[in-house]
Amino acid sequence: MTDQAVTTPSLDTESLSRWMDAQGLPGAGERAQARSLTGGSQNELFEITRGGEKMALRRPPSYGVEGRAKVLMREARLLKGLAGTDVPHAALRGVTDDESVIGSPFYLMDLVDGWSPMGAGWIAPFDTDLDARGGLAIQLVDGAAKMARVDWKARGLEGFGKPEGFLERQVDRWLSHLSGFKFRELPGLDETAKWLSEHIPSTFEPGIMHGDYQFANVMYRHGKPAELAAIIDWEMATIGDPLLDLGWVLVGWPPEGDAMKHARYLDYAGMPSRAAMLEHYATVSGRDVSAVDYYVILARFKLAIVLEASVARHAKGEADERVARFGPIALELMEFAASLSRTTSYR
């Protein structure tokens, strides 16, 4: 959800406008104006203007529509569930799985006025004001903490995920995934898998988890002080253990992650300490963070395998050269997962 136009969209705005009329959306009787936006790798995104208001339309790409459509409808359900909570998100305006409207299922949401570090890195004033930049990190972890405290059952999200046995399934699930494309050794894989299997936290409180929670998947308001505008890209969201989102944030966090050479895509200068991040998360979420190392190790293990899938496709000539940069990142993540498993005080 950015404001960068890229191409003239192929979107039936006449049919869309009739549907918007039926939904009681702004601009009754007007024909919606549309333009294509960047801001998502898994779906197509459009800016829709009607009735003096701007919204964002999200639909599956032209390939693999059936599978992507199911994920899209899950996203819409989650956004509906978040309505009225203090979790920063783009409010859902409408959703349909009726393909006769524009040729695929889609949903409409608010267009967020903000910026993403993934698109431009740190922008002014955060590019030079390190104190202000630190606030971005606190806001990042604040969003995860607010997600973790949502009463998901009261929000109509029963059946959205399978929280029972969530942690117990993780290692086998990701090892099985890896077996489908493994083409090289990942040093530390077996050691990390064994440690994770033997150190599963005895209890956890299920909650909403994003599944890919990091700077790349949030947007901020313009200017300081730092303020989270919206959490975006909910494709991997489920009901599981929200502490894994915290682990995802801390995958390469200073000072413990300072030795990583490949896994960071932003300058972490000015970031608050890991201890400060944990303290804020615990205060806002009300959750015990004493087992955080387990979740950091699991996040590194999982992310290494996710990236390795892309590396494997590149090795077979099925992905472009940009994917090649994931090769050393996957190796580093698994190496650091194993290293932390040897040194953590969590037992």
Practice task
Using only Cα atoms, locate the centre of segment 311-342 and the centre of segment 47-107, then give the distance between them in Å, rounded to an integer.
Solution key: 32 Å
Problem - Reachable lysines, given that their alpha-carbon falls under 25 Å from the alpha-carbon of Lys261 and they are not under 8 places away in the same chain - result: Lys182, Lys302
Problem - Rg ratio (alpha-carbon, reference 2.2 N^0.38 Å) - segment 17-118 - result: 1.05
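Of the GluC sites (Glu not before Pro) in segment 75-168, which ones lie in a loop per DSSP and count no more than 15 other C-beta atoms within 10 Å?
Listed in order of number, the matching sites are Glu99, Glu158, Glu164.
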Problem - Straight-distance crosslink candidates among lysines, where the alpha carbon sits under 19 Å from Lys153 and sequence neighbours closer than 8 are dropped - result: Lys80, Lys162
Practice task
Enter the angle in degrees (range 0 to 90, nearest 10) between the Cα long axis of helix 274-285 and the first principal axis of the Cα atoms of the chain, meaning the one along which they spread out most.
Solution key: 50 degrees
Fill in the blank from the handout: In whole percent, the Cα-Cα distances of the chain spread across 20 Å bins from 0 upward as 28, 59, 13, 0
Fill in the blank from the handout: Rounded to whole Å², per residue accessible area for the chain with a 1.4 Å probe reads 45 Å²
Handout entry: Spacing of the two label points (7 Å from each Cα toward its C-beta) at Lys224 and Asp98, in nm
Key = 5.0 nm
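Can you bin segment 222-278 into rounded, prolate or oblate? Criterion: square roots of the alpha carbon gyration tensor eigenvalues sorted a ≥ b ≥ c, rounded for a/c under 1.5, prolate for a/b above b/c, oblate for the rest. List each step's numbers first, then the result.
Values: a/c = 1.69, a/b = 1.19, b/c = 1.43.
Judged from the Cα gyration tensor, segment 222-278 comes out oblate (a/c at least 1.5, b/c at or above a/b).
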Exercise for the section: Rounded to the nearest 10 degrees, what's the angle between the helix 326-343 long axis and the longest principal axis of the chain, both from Cα atoms, 0 to 90? Expected result: 50 degrees
Completion exercise
Taking Cα pairs closer than 8 Å and at least 6 residues apart, the relative contact order of the chain in percent is 16 percent
Completion exercise
dims of segment 67-150, Cα set, principal axes, largest to smallest, nearest Å -> 50, 30, 22
Exercise for the section: Would you compute the Debye intensity of segment 148-231 from its alpha-carbon atoms alone, equal scatterers and no solvent, and pass along log10 I(q)/I(0) at q = 0.11, 0.26 Å⁻¹ to two decimals? Expected result: -0.52, -1.27
Practice task
Please identify every one of the chymotrypsin sites (Phe, Trp or Tyr not before Pro) in segment 93-163 that sits in a loop by DSSP and has no more than 14 other beta carbons within 10 Å of its own beta carbon.
Solution key: none
Completion exercise
Rounded to the nearest 10, the angle in degrees between the Cα long axis of helix 13-23 and the longest principal axis of the Cα atoms of the chain comes to 90 degrees
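Using only helices, what value at 222 nm comes out for the chain when you add -39,500 (n - 2.57) per DSSP H run of length 4 or more and divide by the total residues, to the nearest 500 deg cm²/dmol?
Working: 10 runs with 137 residues, N = 347.
About -12500 deg cm²/dmol.
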Exercise for the section: Consider just the alpha-carbon atoms of segment 51-90 and return their Rg together with their Dmax, both in angstrom. Expected result: 12.7, 35
Problem - In Å², nearest 10: area of His199 left accessible to a 1.4 Å probe - result: 30 Å²
Problem - At R0 = 22 Å, FRET efficiency that the Cβ-Cβ distance of Phe183 and His262 yields, to 0.05 - result: 0.70
Practice task
Jot down the per residue volume, in cubic angstrom and as a whole number, of the convex hull over the alpha-carbon atoms of segment 117-189.
Solution key: 211 Å³
Practice task
On the protein heavy atoms, probe 1.4 angstrom, tell me the percent of accessible surface of segment 211-340 carried by carbon and sulfur.
Solution key: 52 percent
Handout entry: Relative counts (whole %) of C-alpha pair distances in segment 241-347, using bins that are 10 Å wide
Key = 14, 42, 31, 11, 2
Problem - Spacing of the two label points (7 Å from each Cα toward its C-beta) at Ala22 and Lys54, in nm - result: 2.8 nm
Practice task
Choose one of Ala216, Phe204, Phe181: the residue whose Cα lies farthest towards the positive end of the charge dipole of segment 168-225 (beta-carbon charges +1 Lys, Arg; -1 Asp, Glu; about the Cα centre).
Solution key: Ala216
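The values are calculated or read from the model by the stated rules, or taken from the named source; none is laboratory data. Owing to the predicted nature of the structure, the values given are computational and were not obtained by experimental measurement. Positions of Cβ are generated from backbone atoms using ideal geometry, with glycine treated the same way; all protein chains shown enter the neighbour counts. Just so you know, the surface numbers come from the protein's heavy atoms only, side chains and all, with ligands and any DNA or RNA stripped out. Shrake-Rupley method; radii C 1.70, N 1.55, O 1.52, S 1.80 Å.
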